[in-house]
1. Do the conditions hold for Leu251, that is, is it in the same structural domain as Val162 (by TED's automatic domain parsing) and buried (at least 21 other Cβ atoms within 10 Å of the Cβ)?
2. Could you please find all residues in region 258-285 being more than 20 Å from the chain's Cα centre (by Cα) and in a helix (DSSP H, G or I)?
3. Let me confirm something: among Arg151, Arg177, which residue is away from the ligand (no atom under 14 Å from the Cβ) and either in contact with a Pro (Cβ under 6 Å, 6 or more places away or on another chain) or within 24 Å of Asp48 (Cβ to Cβ) (or both)?
4. Select from region 202-249 the residues that are in a helix (DSSP H, G or I), at pLDDT 95 or above and closer than 17 Å to Ala264 by Cβ and list them in ascending order.
5. Based on this model, can you work out whether Val223 counts as of a type in the set (A, V, I, L, M, F, W, C), over 23 Å from Pro131 (Cβ atoms) and touching a residue at least 12 places away in the same chain (Cβ under 8 Å)?
6. Go through region 101-129 and count every residue that is over 18 Å from Ser86 (Cα atoms) and touching a strand residue (DSSP E or B) at 6+ places or on another chain (Cβ under 8 Å).
7. Just checking, how many residues over region 120-148 are more than 16 Å from the ligand (Cβ to nearest atom) and either closer than 25 Å to Ala50 by Cβ or outside the structural domain of Gly179 (by TED's automatic domain parsing) (or both)?
8. Could you list, in sequence order, the residues of region 50-81 that are of a type in the set (S, T, N, Q), part of a strand (DSSP E or B) and closer than 20 Å to Asp111 by Cα?
Amino acid sequence: MTLHIETPVFVADPDYSRSALPILLKMDAFQPSGSFKLRGLGLRCERDFAAGIRRFICASGGNAGFAAAYAARELGASMSIVVPESTSPEARDAIRRLGARLDVAGNSFDDAHAHARMLARGDGDASLLHPFDDPVLWEGHATLIDEVVARGHDFDCVILGVGGGGLMAGVAEGLDRHGLAHIPIIAVETFGADSLALSIEAGHVQTLPAITSIATSLGARAVAEHAFELTTKRPIIPLRVTDRDAVKACLRFADAFRVLVEPACGAALAALDVHPDIFRPFKRPLVEICGGIGVSLDRLTNWRIGP
Ligand SMILES: *Cc1c(COP(=O)(O)O)cnc(C)c1O
């Protein structure tokens with residue numbers, strides 16, 4: 001038994017994007033937590049729970065908190081979530097409705113995490129969860145590749161959004177498990193949340209002064225050291241897209257598949273339109289439809305007509 005579910009793989013026809021390729025879509029937006037985050041956080045919570053832990057603390061921009069709160073509710077444990085001011089009222093409510101305690105601290109995930117660390121220091125029996133920098137999380141996220149491989153799908157690159165790099169580390173681990181380490185990962189960020197691309201250009205981990213993208217789920221000011229190191233050891237291609245392109249991709253995805261996803265996910269889809277040349281060597285990309293609860297019809301429409 002796992003807390004996450006197996007999600008379907010949809011196929012988009014070649015005319016869906018400017019890449020002119022058939023695209024496999026791993027529909028993790030259908031997780032009960034609305035995003036892939038439950039794969040890793042669910043595994044981590046289950047393991048800790050089996051070891052006797054009954055209280056958890058997790059800082060999050062929204063989706064990790066929602067997944068952690070869901071995991072705690074399913075397990076019958078207590079969960080404290082710390083979000084930054086930038087987390088929407090809707091996401092905050094959704095987390096509270098799952099029975100988690102919610103604190104708001106600071107302007108970015110990094111501030112919220114510092115607060116969560118402080119809470120954890122004051123509660124020696126609680127487990128402090130990290131939303132992207134934890135090997136158990138990567139092990140859990142890797143199951144998305146297990147599922148795609150088990151269903152017999154062929155793919156020759158994986159496109160995903162990068163925040164702190166936990167999803168990327170999990171996909172890398174999943175590829176390794178199946179002898180697919182040679183398959184390139186296309187690591188997409190929005191301008192203003194491009195901590196991985198900047199780090200690759202600088203040759204070491206860079207910390208953004210602030211997150212200026214609407215794709216808040218990609219908004220870790222710095223990626224995990226492990227995520228950066230992966231870029232020095234395996235084929236990882238960093239790409240940037242604009243917020244506008246990410247929102248456009250969300251709208252088109254909603255029309256085509258009748259599913260709402262966050263700009264963090266739209267960014268991965270947008271890469272196929274904005275950088276079609278990058279995909280010339282490939283025949284069958286797999287896109288992680290990471291999902292996200294930080295989206296609604298209203299928000300998507302406002303983002304479209306906004307600046
Ligand atoms: C967390 C998240 C990401 C980024 O994942 P990282 O592990 O932080 O790189 C992308 N999209 C969505 C919807 C997320 O919830």
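The values are calculated or read from the model by the stated rules, or taken from the named source; none is laboratory data. Please read these numbers as outputs of a predicted model, since none were measured by experiment. As a convention, Cβ positions derive from the backbone with ideal geometry for all residues, glycine included, and neighbour counts pool all protein chains shown.
1. Details: in the same structural domain as Val162 (by TED's automatic domain parsing): yes; buried (at least 21 other Cβ atoms within 10 Å of the Cβ): no.
So Leu251 does not fit the description; no.
2. Asp273, Val274, Pro276, Asp277, Ile278, Phe279
3. Matching residue, one of Arg151, Arg177: Arg177.
4. Result: Ala227, Asp243, Arg244, Asp245, Ala246, Val247, Lys248, Ala249.
5. So Val223 fails the test.
6. 9
7. 11
8. Just the residues of region 50-81 that are of a type in the set (S, T, N, Q), to begin with: 60, 63, 78, 80.
Those still in the list that are part of a strand (DSSP E or B) too: 78, 80.
Scanning region 50-81 gives a single hit, Ser80.
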